[in-house]
Structures are given as structure tokens and as C-alpha cells.
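Peer 1: Once you've had a glance at the structure underneath, I'll fire off some questions.
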Amino acid sequence: MDFSRQWTEFALNAEVEHFGTARIAKAHNALMARVADLEEAIRTDAARYRWLRSQNWNDGVLGVVVNPKTSVKLGHDCPSHDRLDAAIDAEMVSA
């Protein structure tokens, strides 16, 4: 089913008559479960971002570097993507 379109009352009633309420309810429940998963992911990312923003350059464990290719020397660890998420999560737990 295409949930991206807007349903008119007539179209919704026709859909219910054709497919039955059980099938529509099942699709709705699956969609709402996906929405709940996305909401949790957004909350987690927002908490990580707020934590990272709260770090100070002089005493923070992690920080953001501008122009990392010229500012960071070989041998330094600059985590990104999943490694950055894991590093932030570990620091948030230990704080």
C-alpha cells in the first residue's frame, strides 16, 4: 500500500471495503512500529549531538576539528560514523 498519498474519505472507505479493516490495521501497525523505531533513533542522535556540543576544547574527551586534513597529525584518532557514535555512547555512560 502507498502511504505517501492523502486519502479522501471515499477512497479510504473503498479501500476498507476492498481489503478489509484487518489488512489496513496490520499495515497501520507496521507503519507505526517503524515510526516508533525512527523516533528512538532520532532521540539517540539528538542526545549524542547535545553531549558532543557540551564538550569544551580544553577539557573534553571528544571534540570537533575544523579542516582535519591539515589540523590533525598522523597517529591521532578521529572517529567518525559508527565509531564516533560508539565513542560518544561510551563517554556518555561513563559520565
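The values are calculated or read from the model by the stated rules, or taken from the named source; none is laboratory data. Quick caveat: nothing in here was measured; it's all calculated off a predicted structure. Don't worry about glycine lacking a Cβ; one is built from the backbone with ideal geometry, like all the others, and counts go over all protein chains shown.
Peer 1: Sort out which residues of segment 75-95 are more than 19 Å from Ala41 (Cβ to Cβ), assigned to a helix (DSSP H, G or I) and not polar (S, T, N, Q), and write them in order of number.
Peer 2: Once the filter is applied, which keeps residues that are more than 19 Å from Ala41 (Cβ to Cβ), assigned to a helix (DSSP H, G or I) and not polar (S, T, N, Q), segment 75-95 yields only Glu91.
Peer 1: Follow-up. Quick one: in segment 12-67, which of the residues that are among the aliphatic types (A, V, I, L, M) and in contact with a Leu (Cβ under 8 Å, 6 or more places away or on another chain) is surrounded by the fewest Cβ atoms within 10 Å (Cβ to Cβ)?
Peer 2: Among residues in segment 12-67 that are among the aliphatic types (A, V, I, L, M) and in contact with a Leu (Cβ under 8 Å, 6 or more places away or on another chain), the one surrounded by the fewest Cβ atoms within 10 Å (Cβ to Cβ) is Val64.
Peer 1: Condition check: at pLDDT below 90, surrounded by fewer than 10 Cβ atoms within 10 Å (Cβ to Cβ) and charged (D, E, K, R). Does Asp77 satisfy that?
Peer 2: Details: at pLDDT below 90: yes; surrounded by fewer than 10 Cβ atoms within 10 Å (Cβ to Cβ): yes; charged (D, E, K, R): yes.
So Asp77 fits the description; yes.
Peer 1: Met1 - would you say it is at pLDDT 75 or above and either farther than 20 Å from Leu84 by Cα or outside the structural domain of Glu91 (by TED's automatic domain parsing) (or both)?
Peer 2: no
Peer 1: Sticking with this one: So which helices (runs of 4 or more DSSP H) are wholly in segment 9-74 and hold at least 2 residues that are in contact (Cβ under 8 Å) with a residue 24 or more places away in the chain? Break it down into steps so the answer makes sense when it comes.
Peer 2: Working: elements: 9-19, 21-53, 68-71.
Qualifying helices (runs of 4 or more DSSP H): 21-53.
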